[in-house]
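None of the figures in this text is laboratory data; all of them are computed from the coordinates on show. Bear in mind the structure is a predicted one, so any value in this text is a computation, not a measurement. For neighbour counting, all protein chains shown are included, and Cβ atoms are generated from backbone atoms with ideal geometry for every residue, glycine included.
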Amino acid sequence: MICTLLAADIAMADHEVILVPDDRNIERSDRRHTGAKPATRHTRRSDSGFQHRRPYLTPYFGGGFGSGGDVVGRFTDNFGDTDRIRSGGGVYFEGGLLAAFDDYTHLRVTAGYETDRTDSANGGASFDRTRFDAVLLRNFGVFEVGAGVTAHVGVDYNCSINSICASDLEFDNAFGFTVEYALTSLNRWTNTGSRSDRYFSPLRSARLGLRYTGIEYNTSDSFFGDAADGNLSGDELDGSSLSLFVGFAL
């Protein structure tokens, strides 16, 4: 009988050692209590950064104000104040797409409208054009630089002021180049935040910078220009400008 009891104690001891839970049992128990889902192959692949490095497109919009180019109209009011219409000045708005090839290289393709105008009680004048831009950008953390090409169509000078002018002159389509430098913030391609923040934030990046555009316009018509120049006929207009702009990628 004594031997039988001793054997039973030994068996119970062995049984207790076998039933000690391992780490996997503890993890499964914790997930049942906390509701956490086990890691899957898709999750591990996302954590590796594969999805973040994949190229994608995102909407882009912006605007700015520029100055430059030739004076195509000069107007003085009754108070002696003078307004000038320039072939490279005015405000512009643009929208398009921003393609990110990697964390630092982007391509921006936009279409926009640019105008320099003056208005008075007896009429107004404006120099308008529609521009299409393709700019390759390189990001360096807090700033980025870019260079690209620009095409301007629908270039038009309209002057309709009583007893001064009544004309609408069209210019040929023109091609030029553009370069820019910008400071960036909220940049979701280069920050150190989580990848889920980069993909679900409503604003991917914002930028403030300077843009230089080099371009020239041609027309076969005669038109009234700067009083110092008189009538310009068939000459090239310098449409170059330096503008301050802001842009946002969603």
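Which residue is farthest from ALA206 (Cα to Cα), if the candidates are limited to the stretch 63-94 and must be assigned to a loop (DSSP other than H, G, I, E, B) and touching a Ser or Thr at 6+ places or on another chain (Cβ under 9 Å)? Among them, the one singled out is ASP77. The set of residues in the stretch 97-111 that are in contact with an Asp or Glu (Cβ under 9 Å, 6 or more places away or on another chain) and either crowded, with 20+ Cβ neighbours inside 10 Å or closer than 18 Å to ASP168 by Cα (or both) comprises HIS106, ARG108, THR110.
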